[in-house]
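Enquirer: Handing you a structure now.
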Amino acid sequence: MKIKTTRDIGLLMKEARARRGLSQAALAKMINSTQTWVSWVENGKPTAEIGSVLLALSTLGVEMDFRLPPAPTSAADDGVDLPDDDDDVPYKL
């Protein structure tokens, strides 16, 4: 699954939680959080703390594989040209 928005992360977390048969409250208890926080993340809250989101995802067994784009090939290259494919990340690191 390509993640482009906080809503995508929320949907991923919701699906992973459902596959494990956990309620929002049960997941919250596992990560020392609240059901409200889990609901916020699942609904795409953009200000959710990244460390807590990563903890929740790893607790649910979600494997995360972040990839960097290739480095520019010359000093004159000011960035990586991304193809017009909608599956690519719309920003550069």
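The numbers here are math on the coordinates, done by the rules we state, and not lab data. Everything numeric in this text was worked out from a predicted model, so none of it was measured. Positions of Cβ are generated from backbone atoms using ideal geometry, with glycine treated the same way; all protein chains shown enter the neighbour counts.
Enquirer: Could you work out the Kirkwood radius for segment 22-61, taking every pair of different alpha carbons, averaging 1/r and inverting it, reported in Å?
Expert: After inverting the mean inverse Cα-Cα distance, the result is 9.9 Å.
Enquirer: For a footprinting-style exposure proxy, rank Arg19, Arg67, Arg7 by other Cβ within 10 Å, fewest first.
Expert: Lowest to highest Cβ neighbour count: Arg67, Arg19, Arg7.
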